[in-house]
Every structure is written in C-alpha cells, then in structure tokens.
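Enquirer: My structure is below; once you've seen it, I'll send some questions.
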Amino acid sequence: MKPKFNKQRALLLAGLVCFSSVSSAGLEVSSLVKDIKSTVEPGSLGASQLVNTVNSLVGLNNEVIIQGAEVSVLIDVINTLGGVITHELPLINGIGVRVSDAQLVLLNQLTDIITIKKNEAVYTSSALDHCLVYGSHVAELTNRSIRWNLYNARDMEANMQSMSFKWPEELGHIYSVKVNGATVYWRLYSKQTGELSIDIKRLKRFAKLDSFEGVTVEVSFANKGVQSYQQRDFSLDVQFKEGCDRSLVKGYDTQANEGDSNSYYVNNIGADELHDRGITGKDVTVAVIDSGLWAAHSALGNDTANNTRIKAAYDALEDTEVSLSNLTDENSHGTHITGIIANSDRAVVDGQMRSYYQGVAPDANLVVVKAFYEDGHSTYLDALRGLQYIADNHEALNIRVVNLSFGAPPRSNYWDDPINQAVMALWEKDVIVVTSAGNTGPSAMTIGVPANVPYVISVGAISDNYTQDNANDDTLLSFSSQGPTHEAFIKPDMVAPGGHMFSLANEDMYVPAKYPQYMVGKDRFIMSGTSQASGVVSGVVALMLQNDPSLSANDVKCRLMTSTTMAQVNGKLAYSPFQQGSGSVNAIKAVESNESGCANNGMDIAADLSGEQHYMGAARKDDEGNYYIQGFEFEVWEEAFMWEEAFMWEEAFMWEEAFMWEEAFMWEEAFMWEEAFMWEEAFMWEEAFMWEEAHMNQENFMLQE
C-alpha cells in the first residue's frame, strides 16, 4: 500500500542511530545473550548451542517484506543494518529482505513508520480437497467386467465405508467385486440386478488405502456384453470415513476416440462461434503468472497462422529474462492454464477437424512469468516480483490481461495484503486482472487472496456434468470457494467451466508424472479447478478486447457480469450469488455487450491504495446465520434446477457494490480471522500447510468434482 506519509531519509536513519538503546517496548539485543546464559550452567554451552546463539544474532534466517517510505530509503536502512535485499518492489513501496533475529528486533522499533510482514506461502488454485482420494476418469470395460482405479494422494490413510453400484439389468447380477484382485463380494446366483451396495463388513481389511496407494475396483457380471455399453451406463460410488464420496464420472463418448480434443469449454461458452467470426484474441496480449510454459509445443508458441506469439518470458524465481528456447514448465500447471487460454490447434471431434480452436483465444499474444517451482510451491515475494514485472512492462509489451491462478488464505483486510496491493495497483493501471476464486469450498467465506480484492474479476468453477449439449444440468463444483469476503463483498464475480478440463502437458512434467492416469495421448492432461475456470475467463477477455480495444478494466468487468446466465428454476436461484456470483460466463454476449459504468461503482481505487478510504460490500448475515445481500432479494431453490437462458443478470438485479468501510463492522466472532491467521511475527502455518515455513507444496486437484 502506498504510505499515508512520506518520511524522509533522515528520519529513518535517525531511527537506526537509536538502535544502541532499543526501547523497552522491544527485546534488547543484549537480552538475547543474557537469556541464553541464564538457561545453561557455566561451561556447559555446547558447540550446537553456541552456533544457535550466534545464528540468532547474525544468521539471516528471517525473510520478510518491508514497506513504508521510498524503496531507496528502505534499501539504505537494510544496507546500514547489514541485511540482504532480495526483492525490490516499488509497485507496493516495498522490498524483500533477509535479516537476522537481532536485525528483525531492531527493525520492529520502526513499525510506526514501516510495516514488516513475513514472506508467506502462495500456491496454485489447483489444490487437493479434503477427500484425499481420486478416481480415474475412464473405466476399463471388458467383455464381462468394469475396472476403475482409485488413488490416495495424501500422506495419510483413506478408509472406505461402503460401495454402491448400478448397471444395466441385461448384464444380470454382479458375480464378484474385487479390490486389487482380492474378492470382497461373490455370488454365484442372485436375483438382485441393477443395483447393489457393499458395507464395511464385507470390505474388511481391503477398506484401507495407505498413503499414495492406488487400488483397482473390478466388478464382474453374470452375463457377457459389458463392452457394448458406455461408461455413462454404469454407476460406481465409494464412500469414505473422511466424509466424502468418490463416483465414477459419466465420461464423454468421444473420450474413447483417439485424437479427439475434448475441449468442451470452448463450445459451452460460445467461443467456437466467435472463432468462426474471426474473433480469436488477435493482437491482445495476455500475461500468465504461473509455473512456466511448454513453449516448444507449437500450439502454445505459435498462433493459428503459425506466427511466434510469445512476446516475453521472465523467471521471477531467478529474476532474469528467459529466451524462448530456454522457456520451460517443469510442473505443468502454467502450461495447462495457458493452453485453455490460447491453444491454437483446431478442435477435433469424432476424428474430424473443426473450424474452431481448442483454446478460448487461440491468437492471443503471450507473456510468460514463471513464479512457481517444479513441485508447485512459491512465496509472496516471488509472486510479487512477477507482478512487479507486469507493472514495469505492461506498456512496452501491451499487456492488457493478467491471469492469476494462485492464491493464499486471507490474513488481513484486503487492502493490507501485499499481493492484493500489487493487484490493485495493476488494476489502477488498467491492466485487467482475472483470478481464481480458490478450491477451498464449499463453506462460506473461503475466497482467497487475491480473489478477495473487490475490483478484480474472481472466477468460480462449474462442470458440464459430462453432457456437453445440455447446459441445463451443469453443476457448481463442490470445491469452488464461496463468498462473501471478510469485508462483505459478493464473490466470486462469476463462474466458468473448470471440471475435467483437457489441456496441454507432457508425461515428463511433475504433476503428470505423479498422475499418469490423467494423461490422454502424448500431450493432453485432465485437471479440474478454479485455476482452469480463471483461464477460460482470461480467454474471453482477450476476445472482448480484440472486438473493442478501447474497453477499460471496469468496462470489461461490467460487460462480463451483465452478460452471464444464472442457474435457476421456477424463478429461484439454484445457487446463491455467494456461490455463482453473477452467473456462468457467456463469451458471445460479453463480446456483443454495450454495457458500461456498472462495475466497481462507489469505490475509489486510488484512495483505497493510499489508505485514505477503504470499502465494504453489501453482504450481511441475519439472526439465523444466513447470508443475504443488502438491497437485493433472492431465494435459493433447494431441489432440482436448470441453467435457463431466460434468466439473465439484468441491471435490476444488481446489488449496490460498495459502502465506506466502518471500523465497527464485523461478522460474528466465529467468522473473524483467528489469531493464527493474522499478520503477526509469531504466525506459523498449521502443520498440514507447512513447507519449510515459507513455502507451500502445490498439489494439483485432478479430476474429481
């Protein structure tokens, strides 16, 4: 955040002069030594204790973000102290530094004029859900049986409670059920056809999946002819003690056709029709901050005319420009997202090449920013360095859109978070920021950073339910994060396809190597998540900007949100606005829209950044614990529903977007940040989220929806 003041160099350096007599409000450096001496007997201080003592005083063990005055002033402060400057971030008036415990104590004496925040973890939004177990997207159908693979992807047991099956009655009764070849159910004769359940007693010792263990469930039938049916004709469900179910997905008939692209999302949002009209994202540059890019793949490196379209590549981890020949993605996440945005290969359906393309905006130019390591972890500072690169080069490279398919838990108000401050600064520069809502749903108030920034476009995820030609049975994905935000804003802003998304990757990358069952052919991989949904919307924005390059960031958000389709039935919403936002994205209507002046009204982003004024949204909670929107009445349907074209998010249904922030405003205590989630020196991740303190291992959310 831009400081509310502009302290001069002399004031900061004067503070350093006073370090020899550190105030009683902080821990004196000398007391560090005294405390250690008081805990050991004379002469008993061993070598390891001595090393720890010295490291406490001089070891640069703390990586922090410092903000406040001009960057040059902060650099002088750290150089005077003897710390190491790792990142220069003028976008947020800050720097990243490594300092010792003693130096950190000294810096904490200046917290009235600077802010100090720990370098926390960020991670891609394709994160595992709590269920731990994943099922293969394709079952093997033999003459007399169906086989389905399950995999436990976490370092803890997963315990089956029951299994249930449905199948065509013509196949007779189930003859046997095997788990990894061991029979858990067997019947030579039975009158039970079409449906069967098996409980934990029959599963016995086979009910446990050890960590990182895969199992095969094989169901055999009395009659032959299983191969004559489709995967969608069978239902296989497994229930776990961990409180989740896993079901064999319906599957597309075309999944059995080798070479078919299965990029259903292009059709579902209407981008295929825009491609036929020549709207392909041409001359629009999209930046993607992620794990890198498989630039050697022609569908990524070149546009539909086979022209090179990667304008620049930057490694934020190493702080260096990267040549196209050296541009790589060891993880796959960045390649997968970029493929959804801009894959320039034509779609293939039923073995036939189509007129439209596999990416939403196949002619978009690309700027690649690598900010995640091979195994998917990153930090605030490296993500901030990537955002700084976008700010420094957006004019020279004509970057209009930046996709951020990553996040972190909110630990402060939106305006105090450094990544959010950088994202807001980009929006102020008219760079359109599209970000994933997160995969930590379905509970309320699970929107992460930076999706909780009210200005940007935050995207949740839906699935077509494996019926591409029937939009009326599309479903919200259970893991898609939900609003409201802690400041009462309605998020996500919209939803987009994010389930079973076919995109580019190769088997040598980190994630496909761990989950080879999701590889299709040599260069396609299936993942699900709000990361992928964000990529869809970034592609739509590129289409909109080709059609009308004059659009501002607020214009784009306005047109996107007023052209969506709400899930509803009988006049009631199928999902609340805290789940689906303004509804499902529609590329054709967004491109054709003439709406303006309907996004981010009532907010002044410059005042927000400077600290002069902050804002709160229209969400409130009633006495029964239900969330509602002030000034907007809606009723949520509890039963079946449809996505009906007739119910549009019209201006009459828009809520008032922002109010002045009131210091007294708060949710009930249970919905406030707990102490462990505040930006405090003592903050630590819970054990499950640890990655050597500053890092988080990115684990990809695969198929299950």
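Enquirer: Return the only residue of D329, D363 being of a type in the set (D, E, K, R), in contact (Cβ under 8 Å) with a residue 12 or more places away in the chain, surrounded by 24 or more Cβ atoms within 10 Å (Cβ to Cβ) and under 23 Å from G278 (Cβ atoms).
Expert: Numbers: D329 fails: under 23 Å from G278 (Cβ atoms).
Every option except D363 fails the conditions.
Enquirer: Yes or no: the range 503-513 includes at least one residue that is modelled with pLDDT of 90 or more and over 19 Å from S261 (Cβ atoms).
Expert: Looking for residues that are modelled with pLDDT of 90 or more and over 19 Å from S261 (Cβ atoms), one finds at least one in the range 503-513, hence yes.
Enquirer: Moving to a separate point now. Regarding the range 109-119, can at least one residue be identified that is within 30 Å of S481 (Cα to Cα), part of a loop (DSSP other than H, G, I, E, B), at pLDDT below 85 and in contact with a Gly (Cβ under 9 Å, 6 or more places away or on another chain)?
Expert: no
Enquirer: To continue, here is another question. Look at A587 and say whether it is touching a residue at least 12 places away in the same chain (Cβ under 8 Å), in contact with a strand residue (DSSP E or B) (Cβ under 8 Å, 6 or more places away or on another chain) and within 17 Å of S463 (Cα to Cα). Show your work before the answer.
Expert: Numbers: touching a residue at least 12 places away in the same chain (Cβ under 8 Å): yes; in contact with a strand residue (DSSP E or B) (Cβ under 8 Å, 6 or more places away or on another chain): no; within 17 Å of S463 (Cα to Cα): yes.
The answer is no for A587.
Enquirer: Take C598 and tell me if it is closer than 30 Å to D464 by Cβ, assigned to a loop (DSSP other than H, G, I, E, B) and in contact (Cβ under 8 Å) with a residue 24 or more places away in the chain. First the steps, then the outcome.
Expert: Values: closer than 30 Å to D464 by Cβ: yes; assigned to a loop (DSSP other than H, G, I, E, B): yes; in contact (Cβ under 8 Å) with a residue 24 or more places away in the chain: yes.
When the stated conditions are applied, C598 passes them.
Enquirer: Any chance the range 198-220 includes a residue that's part of a helix (DSSP H, G or I), modelled with pLDDT of 85 or more and at negative phi? Before the answer, list the steps.
Expert: Keep residues of the range 198-220 that are part of a helix (DSSP H, G or I), which gives 200-207.
Those still in the list that are modelled with pLDDT of 85 or more too: none.
No, the range 198-220 contains no residue that is part of a helix (DSSP H, G or I), modelled with pLDDT of 85 or more and at negative phi.
Enquirer: How do the strands (runs of 3 or more DSSP E) wholly within the range 343-458 filter down when requiring 2 or more residues that are among the aromatic types (F, W, Y), under 24 Å from S528 (Cβ atoms) and in contact with a helix residue (DSSP H, G or I) (Cβ under 6 Å, 6 or more places away or on another chain): which remain?
Expert: Working: elements: 346-349, 352-357, 365-370, 377-379, 399-404, 432-436.
Filter on the range 343-458 gives 352-357.
Enquirer: Take M156 and decide whether it is surrounded by fewer than 19 Cβ atoms within 10 Å (Cβ to Cβ) and either at pLDDT 85 or above or in the same structural domain as V217 (by TED's automatic domain parsing) (or both). Let's see the steps before the verdict.
Expert: Numbers: surrounded by fewer than 19 Cβ atoms within 10 Å (Cβ to Cβ): yes; either at pLDDT 85 or above or in the same structural domain as V217 (by TED's automatic domain parsing) (or both): yes.
Yes; evaluated as a whole, the condition is true for this residue.
Yes or no, residue by residue, for (1) aliphatic (A, V, I, L, M); (2) more than 24 Å from E487 (Cα to Cα); (3) assigned by TED's automatic domain parsing to the domain that holds D430:
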position: D508; (1), (2), (3): no, yes, yes
position: V520; (1), (2), (3): yes, yes, yes
position: D523; (1), (2), (3): no, yes, yes
position: V537; (1), (2), (3): yes, yes, yes
position: Q580; (1), (2), (3): no, no, no
position: E595; (1), (2), (3): no, yes, no
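Enquirer: What's the number of the only condition in (1) under 21 Å from the mean Cα position of the chain (by Cα); (2) within 23 Å of R354 (Cα to Cα) that R309 fails to meet?
Expert: Tallying (1) under 21 Å from the mean Cα position of the chain (by Cα); (2) within 23 Å of R354 (Cα to Cα), R309 fails exactly one: (1).
Enquirer: Now, a different point. Name, by its number, the condition in (1) modelled with pLDDT under 95; (2) under 14 Å from R524 (Cα atoms) that does not hold for T254.
Expert: The failed condition is (2).
The values are calculated or read from the model by the stated rules, or taken from the named source; none is laboratory data. Since this is a predicted model, take the numbers as computed values, not measurements. Glycine also receives a Cβ, built like all others from the backbone with ideal geometry; neighbour counts cover every protein chain displayed.
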